[in-house]
Amino acid sequence: MDAAGMQSVWARMPLAEAVLSVMGYIGDGKRLQAIFDAHRGRCYDDVIQFPDLVKLIGDALLEHGGSGNQSFSRARETGELQASKVAAYGKLGRLPIPLSQAFLMELSRSLRELFPAQARRQPPVSLRGFSTVTLDGKAIKRVAKRLKLLRKVGGGLLGGRALVAMEYETSLVVGIHADEDGDANDVRFVPHLLPLIRREIAGTLLFLADSGFCDLQRMEEFTEEGNHFLVRRHPKVGFHQDPERPVREGIDSQGRKYFEEWGWLGAANHPKRRYVRQITLQRPGEADVSLVTDLLDADLYPAEDLLNHYLQRWGIEQVFQKVTEVFHLQGLIGSTPKATVFQFAFCLLLYNLIQVVRGYVAADQQRETETISIENLFVDVHRQLTAWSVLVDSGLPLADIPVTSDLAGLADRLHALLGGQWSDRWIKATNKRRRRHQPKPHDRTHGSVFRILRPTVHEPDN
């Protein structure tokens, strides 16, 4: 096949070109090295530079099914990796946690800027004055027992743990705060993560969180700088109804009854006692759901809007499922807690990248982004990236992918590449029959790798 024929083949891989163009835009070598230099701690660069390691891990996740060994071995064959595979694993295992956090946050900032406005979700009209941020914690499971001290440990192993923040409008992860200890309480990470999120997202924020974040200290942190919260109430936090405010009743769109009450969370002598509005939804055959919020005006912020908006918190659980099953977090490359946190951050970044591609496809097809399956879209992205890699390795003449630092130019290029791309395979399947959630039995034990390797570690008080 001549050069013209090869270019014709390349033109049939627009998804691969789109992904590689975005990766080149958000993570060029100079930018990655600057992130490393700012957050490297006691780490240093020698034979393996940080941008080189990022490429190796990216190849493992995008082309080799999450296999670090395949990626490192091929890089050794081609001369891209001058050091040994042991050195590459060692480098990965020593990356500082702040570096992983900054890697995700800084590169995701560029992805947020690139996300098409037409694909942004809109909350209920009453809540459009807020920027909604969902918070949830994630323990990194299934650490391989490669390290000598782990080989005889029974049960499963936990790597690090992270508190994750997701923006509602784009469904992009905007930041994490992580810890090496998989048994750490991620609720205590809130005061570390929130200042970063407030700097990333402009305007008044509305935080969505589950009952694990329902305590008076967290609510004080949520409402700093005039922000707000919508949290599921935990039974441990007592609610004391205000006898001077009558209870209001209503019926939601599914015919279920809900009650609105006003009162105080916490005992009368608690210094952080707070006046809130509680909305309790009755679910026949299931436990009632009680939400608490500091948005006290029921006419300005209708209860049904808040109930429906809180359901969007499930989106962050779906993100965790996608990064585990689609982006190969279930197959951890490294066995140290630091390595697991970096891979988690990288998987979240890849999720964000594919979410941007999905946004452009949705915008040009005039579809809602959520109707496109990110799993099925990634199958075709993976196929095209693999084909591209084979062509490049074969030495056949291919034009270089243009790398641009111009945001508007890249956005136009993505519209041109993805505007005509569509396959019915990408349509997300929907559950036409709602099934009741069945809790899974938790009969498997997990040990924290951090605590096993450092048995004298002590949990901070807060």
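Nothing in this text is a laboratory measurement; each read-out follows from the coordinates by a stated rule. What you see is a predicted model, and the numbers here were worked out from it, not measured in a lab. Cβ atoms come from the backbone with ideal geometry, glycine included; neighbour counts cover every protein chain shown.
Run the dipole for the range 208-329 about the Cα centre, Lys and Arg Cβ at +1, Asp and Glu Cβ at -1, nothing else charged, and hand back the magnitude in debye, nearest 20.
On the way: 15 positive and 21 negative charges, 73 e Å.
I would put it at about 360 debye.
List the lysines whose Cα sits under 25 Å from the Cα of LYS257, skipping any in the same chain fewer than 8 residues away.
LYS236, LYS432
Report the gain in length on full extension from ARG109 to GLU80: 0.36 nm times residue separation, minus Cα-Cα distance, nm rounded to one decimal.
Working: separation 29, 0.36 × 29 = 10.44 nm, distance 2.88 nm.
Net length gain for the segment: 7.6 nm.
Quick one: helix 68-78 against the long Cα principal axis of the chain, what's the angle to the nearest 10°, folded into 0 to 90?
For 68-78 against the chain, the angle is about 30 degrees.
Please list, in order along the range 152-164, the HN-Hα scalar couplings obtained from phi with the Karplus expression 6.51 cos²θ - 1.76 cosθ + 1.60 (θ = phi - 60°), rounded to whole Hz, x for Gly and Pro.
So the J values, rounded to whole Hz, are 9, 7, x, x, x, 10, 9, x, x, 9, 9, 9, 10.
For LYS322, go through the aspartates and glutamates and keep the ones whose alpha-carbon is under 13 Å away, minus same-chain ones fewer than eight residues off.
Of all the aspartates and glutamates, those that pass the test against LYS322 - Cα under 13 Å, at least 8 places apart if same chain - are GLU375.
To test your reading of the geometry: what angle, between 0 and 90 degrees and rounded to tens, separates the Cα axis of helix 14-26 from the longest principal axis of the chain?
With rounding to tens, the tilt is 80 degrees.
Taking the Cα atoms only, what angle lies between the long axis of helix 29-39 and the longest principal axis of the chain, rounded to 10 degrees?
The angle comes out near 50 degrees.
Compute the length gained on full extension between LEU300 and ALA287: take 0.36 nm times their separation in residues and subtract their Cα-Cα distance, giving the result in nm to one decimal. It would help to have the intermediate numbers written out before the result.
On the way: separation 13, 0.36 × 13 = 4.68 nm, distance 2.77 nm.
So the extension gain works out to 1.9 nm.
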